[in-house]
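First the structure, in the form of structure tokens, and then the observations on it.
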């Protein structure tokens with residue numbers, strides 16, 4: 001983490017996101033009504049739906065911070081994946097329903113909106129971009145999929161504001177249907193981002209491995225440790241904002257119990273320093289003869305089996 005206060009920002013971020021989204025909804029609907037812009041009004045409706053989803057965000061973040069229990073020894077972090085899945089699916093369903101309604105009604109001529117729409121569009125775009133940068137920082141530093149999903153939701157709003165701006169501008173320039181087309185493009189953009197958020201959440205729920213470069217970095221760190229002969233396997237999965245890492249090492253059989261304990265303690269400290277979001281780190285060992293060409297039959301079989309699985 002960049003700063004020691006980063007963990008405290010998580011609870012603040014969900015409230016900031018909720019307040020700004022609610023304000024955005026009121027702003028867009030008001031200016032959409034005053035200017036007659038269908039696209040800006042559509043953004044406002046989505047913002048109200050977003051505000052409801054932010055409440056889910058708030059609840060999931062609070063649950064994810066609960067301490068592990070006997071029945072949930074790895075904590076409650078995966079509730080964030082469920083929250084992200086709900087947000088992504090809701091965005092997709094809302095976009096589909098809007099497209100079905102508007103396309104079914106046909107591309108009829110709309111009266112061009114007034115220039116007052118530009119005020120609402122510019123203000124909302126600036127707020128959305130600020131929210132994206134703020135939430136993105138909080139989400140990355142705390143490894144929170146829920147906050148990251150909320151950040152991308154705001155980036156979508158900022159991009160869609162650009163689309164609405166162009167639509168209103170073209171409408172005022174003579175293409176009366178441009179504002180209506182912009183509203184449809186906003187819906188398509190919302191659907192795409194919703195699908196991306198939902199897919200990432202599903203991967204987390206299905207225990208997708210941590211990125212290969214993170215696993216490789218931990219493996220290299222282990223191999224550099226004196227006394228470690230080979231990394232038999234190194235696996236990791238996400239538990240929401242935190243990670244679980246399981247490592248099995250082939251270590252020199254000549255190490256005493258005291259030396260082995262010192263090795264493992266030193267290795268754990270180095271891994272935690274390298275990976276800030278590890279909550280559960282388990283290291284198991286198999287003693288081997290480091291002078292032998294084939295270590296030992298048992299360790300050799302484990303190493304070969306693991307490498308074969310990786311090659312596939």
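A short reminder: the numbers here are calculations on the coordinates, not readings from a lab. A quick note: this is a predicted structure, and the numbers were derived from the prediction, not measured. Cβ atoms come from the backbone with ideal geometry, glycine included; neighbour counts cover every protein chain shown.
In the set (1) 25.7, 84; (2) 18.4, 58; (3) 19.6, 61, the label that goes with Rg and Dmax of the Cα atoms in Å computed for this structure is (1). Rounded to the nearest 10 degrees, the inclination of helix 212-223 to the longest alpha-carbon principal axis of the chain is 20 degrees. Sequence-distant contacts, meaning Cα pairs under 8 Å at least 6 residues apart, place the relative contact order of segment 34-189 at 32 percent. Sorting the Cα pairs of segment 133-183 by distance into bins of 5 Å, from 0 upward, gives 6, 22, 19, 11, 10, 10, 11, 7, 4, 1 percent per bin. At an R0 of 30 angstrom, the distance between the Cβ atoms of residue 12 and residue 74 translates into a FRET efficiency of 0.70. For segment 72-201, the Cα gyration tensor yields ellipsoid semi-axes of 33, 18, 8 Å (square root of five times each eigenvalue, largest first, whole Å). Helix 117-142 and the longest principal axis of the Cα set of the chain meet at an angle near 10°. Cβ-to-Cβ counts within 10 Å put 273, 157 in ascending order as 273, 157, the fewest first. Between 0 and 90 degrees, the angle of helix 79-105 with respect to the longest Cα principal axis of the chain falls at about 30 degrees.
If R0 is taken as 30 Å, the Cβ-Cβ distance between residue 266 and residue 212 corresponds to a FRET efficiency of 0.75. Model label sites at residue 219 and residue 202, defined 7 Å from Cα along the beta-carbon direction, differ in position by 2.8 nm. Over the chain, calculate the relative contact order: mean separation of alpha carbon pairs under 8 Å at least 6 apart, over the residue count, as a percent. Relative contact order for the chain comes out at 18 percent. The length gained on full extension between residue 67 and residue 246, counted as 0.36 nm times the residue separation minus their Cα-Cα distance, comes to 62.4 nm.
Show that you can apply the helix-only estimate: for the chain, add -39,500 (n - 2.57) for every DSSP H stretch of four or more residues, divide by all residues, and state [θ] at 222 nm to the nearest 500.
Only helices count here, giving -24000 deg cm²/dmol.
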